[in-house]
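So that we are looking at the same thing, I have put the structure below in C-alpha cells.
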C-alpha cells in the first residue's frame, strides 16, 4: 500500500512540474488574455516600448485578418514579464492610420506603473476613448 501511494505522490509532483513548465512555455508565445487563434495566426507586431528605469517593456500587437479585415483593428497592449510571461494589459480598437503607422500609437506614461491608452470606441467608426491601465511589475 505504501509503495503505490508513494509512486502516486511522485507522479503528481512530476505532473505538476511539467504542467507549470508547459504553461510558462505557452506564455512565452501567447499572452494571458488573448485568444489563441487571433494572436497566434492573425496578429502582427506594432510598436515596442522598451523598459526604462522602473517602467516595464510593453509590446503592441494588432489583429489583421488580411482580406477579411474591415474597420478598426483589434489591438493588445502586452506586458512581457521575465518570470510570468506575457499578459494583455489593455485591449481595444485602433484606427487604420495607427495600424499603418501614419499616426503614433496613442500611449502615454502617467507614472512608472501606469499608462493611458486611447482606443476607438467601436470596431467600425467610433471616437477615441482613454483607458488608464496599471502595469504591475509583480503580478
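Read the figures in this text as sums done on the coordinates, not as results from a lab. No experiment lies behind these values; they were computed from the predicted model shown.
How tilted is helix 2-29 with respect to the longest principal axis of the chain? Cα atoms for both, answer in degrees (0 to 90, nearest 10).
Taking Cα atoms only, the helix is inclined about 20 degrees.
Evaluate segment 31-134: find the radius of gyration of its Cα atoms, find its Kirkwood radius, and give the ratio Rg to Rh.
Reported Rg/Rh (Cα atoms, Kirkwood Rh): 0.95.
Here's something else I'd like to know. To the nearest 500 deg cm²/dmol, what mean residue ellipticity at 222 nm is calculated for the chain from DSSP H runs of n ≥ 4 alone, each contributing -39,500 (n - 2.57), summed and divided by the residues?
-9000 deg cm²/dmol
Next question. Using alpha carbon centroids, what distance separates segment 1-33 and segment 62-116, in Å?
Computed from Cα coordinates, the inter-centre distance equals 33 Å.
Choose one answer from 70, 53, 126: the residue with the largest mean-square fluctuation in a GNM of the chain with alpha-carbon springs under 10 Å.
It is 53.
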